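Structure, as C-alpha cells:
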Amino acid sequence: MCGIVGYLGFSQAAPVLLSSLRCLEYRGYDSAGVAVIENGQLAVLKATGKLSNLEVLLAEQKPQSTIGIGHTRWATHGVPNNNNAHPHLDCTGTLAIVHNGIIENYQTLRSELTGRGHLFKSDTDTEVVAHLIEDQLKQTGDMLTSIRHAVSRLEGAYALGVVSQRFPETIYAVNHRYSLTVGLGDNESYLASDSVAVRQYTNRILRLEQSEIAEIGQGVVKLYSFDGIAVDRQPVVVDTSTGAFVIDKAGYKHFLLKEMHEQPTVMRQTLGKYLKHPNAPVDFSVGNASSIGSESCAVNLTAEDLSGVHRILVVACGTAYHAGLVGKYIIESLCGIPTEVEVASEMRGRDLLVNQHTLTIAVSQSGETADTLSAITEAASKGSLTLGITNRPDSHLCHITSNLIVTECGIEVSVAATKTFTAQCACFYLLALYIAERIGSVSPERLSQLKGELLAIPILQEQVLSRENEIKQKSLRHAGARDVVFVGRGVNYPIALEGALKLKELSYIHASGYAAGELKHGPIAVLDRDVPVISILVPGALYEKTLSNAQEARARNAQMIAVAVDGDDNAQKTFDTVLSIPPVDEFFSPLLTVIPLQLLSYFIADHLGRDVDQPRNLAKSVTVE
Ligand code: M6R
C-alpha cells in the first residue's frame, strides 16, 4: 500500500523519482505525486490516477531540481483525488511529507493541531505528521529533533519521507514497522519502500530497521534511533547482476500473461534449488539464488524439533492463503501432523492457541503483508516455531521468522498473483517431503516416487500452457456470465477458491468458490443460465463424488465447465465446456488445474477491456491491517 521514493544528488530528480515510482506502482495507483526543491522553493506536482498522469505533468512542467521525494498511493483515508494525493504540506508550504501506513491516532492529533490553528487541506491521516513537525521546527529549528518529537506522538505503523526547503541538502526518512531502503551511489542517494526501485541505480544499500530515522545526504546516510542515538550500520553490497529486477513484458501483451507462462521455469527453479533429484533429500540450507535480497534462506528443523511439533498453523491472505490450504492437505497426507490454515487478519484480537509445540508458517509473496506479519509475530511471541515462505528474501517477513523458504519467481509485476501461487504450493510439497523424511512418516521408496513425480510437473505445466489458444476460445464463451461458481474437492477445493478470486479481481465478475459437496447446501440456489459452474474434476478418490455434484448443478440449467484430464469421457458428456489438462496424479493436480483457471480469468478480463495488470481498487503489497 503506497510507495515512497526519494532522490538526492547531482542529476535531475524528477526522472529518477518517476522511474523509481514505476517500480512501486504495484503498491497502489490511485494517485501519484512528487515534491522537489526548485531554486530554493518547494514545488509539489500531483496527479490522480495512474503514474502515467504524473508523467505527463512532469513532462509539461519539467521541474529543475536535484532533490525530491515521491509517492504512489493506495487510498486508505480520503477518496483518491488531488487533495488527498501525497506529498502533503505543513501550513508554511515549505515542508513536504510522503507516507506509507496508517497513523491510528490521527483524529486526536488533527483536533489538537486544528485547535492550535493549523489548517488541513486533505482528509488523510498523513497530514498530521507535516503539522506536528512544523510545530516543533518552529521551536527548535532542528529537523531531526522535530521528527523525533513528531514520531513520539504517532500511533500505528508507518514509513515516511520528508523534505524541507529550509534543509535543501537532506532527505529525512522514518521507518516504524514498515520497510524502507536507502541506496548509496557516488554523491547520490536513493530512497524507496522496495529495494527493487533502488537497485536499478546502485548495489550499496542500507535497510532501515524498525523505529529508525535516516538523515540522507549526497551519497551518505546517518541513522538514529527514535531516542536520537546514532546507529552504526554500514551499507551492504548486493548482487544486481542476474537481471532479477528487469521489469519487461518480453513481448507479451500483459505482465500477467508473461507471468503465467513463466510458471514452468519458476517451478523448475524453485524445485531445483531444494531438490536435486528423486533420490536426494530435500535441502533448504542453500543460499538465495535469485539475489533479490542479501539474506540466505534455510530451514533448520531437526527430527527432534519436528517430533515436538503437535500442530501446524498456516497464516496468510488472499492467494497465499489458498496456497496454505493446498499445503494443509499435503502436510496432513504425508506427515500426519494436524494442520490448520487461518486468514491472517482473523488472528487479531483473539488469544492465539499456539505454543512451543506449534509450527506457524507465514506465506506471503511480498513478505510485507501487514496482517500476515502481525499474525506470525504474535505466534512467535507465544513460543511457536516459525517458518516463512516468500518471494522476497529482503522483506520484513525474513527478519521475523526463524526458518525461511524462498520461491524463485523473480519479480511478479502483475497485481494478481499467478506464478508465485504455484511456487508457494511447490514449497509446501517440498516442505511436506522434508518433514516426512525427518519424522519417517513415508517410506524411502514412496518418497523417491513422490519426488520424481513432483520434478516432472514443469513439463506438464508447459503442456497446459501450450493449449492457451484453445482455452481462450472456450473461455470467451462465458464472458457474459453474471456470476460464476467454482467447485472442487480435497486438494482442489483451494483451487476452486483461487479460481474464483482470480476471476473476481481480474474481470470484476462476481465469483465464489465452494467445496463441491457444499453446493447442495445453499449455493445451488443462485444457479441459472447466466451463472456457470466450473468444476475441477481429476481422477482419484474424490472423482465420482465431484462428478455427482456437477450433475446436481447441471439439473439446474447452469452452463457447465470442467477442468478435467485428457480422455475423460464422463467430463466430455457432462460438461458444456472442458478445459483439458494432461493426466496427473490427484495429489499433485493443483499445480496444473489452477493454470486453465488463471488463463480463463485473464482472457475474460482482457475481452471485457479490464486493466488486467492493475485491476481497480487493488494493490499488490497490502501493508495496512
Ligand atoms: O504478498 P502476499 O502474498 O502476502 O499478498 C497476499 C494477498 O494480498 C495477495 O495474494 C492478493 O490476494 C492477490 N491480489 C491475489 O492475486
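The values are calculated or read from the model by the stated rules, or taken from the named source; none is laboratory data. Predicted model, so just to flag it, every value in this text is computed and none were measured. Every residue, glycine as well, gets a Cβ built from its backbone with ideal geometry; the counts of neighbours run over all protein chains shown. The protein model used for the area step is the full one, side chains on, heavy atoms only, and it has no ligands, DNA or RNA in it. Shrake-Rupley method; radii C 1.70, N 1.55, O 1.52, S 1.80 Å.
Quick notes
- With the Kirkwood sum run over all distinct C-alpha pairs, region 466-607 has a hydrodynamic radius of 14.4 Å.
- Residues with amide H under 5 Å from that of PHE486, placed H, sequence gap 5 or more: SER512, GLY513, TYR514, ILE534
- For region 271-394, the orientation-averaged shadow of the C-alpha convex hull comes to 7.8 nm² (one quarter of the hull surface).
- Each Cα pair under 8 Å and six or more residues apart adds its sequence gap; the mean of these over the residue count of region 96-190 is a relative contact order of 31 percent.
- When the chain is described by a simple charge dipole with +1 on each Lys and Arg Cβ and -1 on each Asp and Glu Cβ, the residue from LEU137, HIS607, PRO281 located farthest towards its positive end is HIS607.
- Value in Å of the Kirkwood radius, where region 570-625 supplies the Cα pairs that are averaged: 14.3
- Normalised contact order of the chain, rounded percent, pairs of Cα under 8 Å and 6 or more residues apart: 11
- Extents of region 366-444, largest first, come to 41, 32, 17 Å (Cα atoms, principal axes, whole angstrom).
- Share of alpha-carbon pairs per 10 Å distance bin for region 65-196, given as whole %: 12, 46, 35, 6, 0
- Taking a straight Cα-Cα cut-off under 27 Å and skipping sequence neighbours fewer than 8 places away in the same chain, the lysines within cross-link reach of LYS62 are LYS46, LYS50, LYS121.
- Charge dipole (debye, nearest 20) of region 365-466; +1 at Cβ of Lys and Arg, -1 at Cβ of Asp and Glu: 220
- In this structure, the pairs whose alpha-carbon distance is over 24 Å, taken from LYS545/LYS573; LYS382/LYS451; LYS474/LYS502, are LYS382/LYS451.
- Partner aspartates and glutamates for LYS138 [C-alpha distance under 13 Å; skip if fewer than 8 residues away on the same chain]: ASP90
- Separation between Cα centres of region 1-41 and region 203-237, rounded to whole Å: 20
- Directionally averaged shadow of the chain, computed from the convex hull of its alpha-carbon atoms, nm²: 27.6
- Computed from point charges on the beta carbon alone (+1 for Lys and Arg, -1 for Asp and Glu), the dipole magnitude for the chain about its Cα centre is near 740 Debye.
- Per residue value of the accessible surface for the chain (all protein chains in place, 1.4 Å probe), Å²: 35
- Among complete DSSP H helices in the chain, those whose alpha-carbon atoms stretch at least 18 Å along the helix's long axis and whose mean Kyte-Doolittle hydropathy reaches 1.0 are 590-607.
- Distant alpha-carbon pairs in region 101-161 (separation over 19 angstrom), percent: 23
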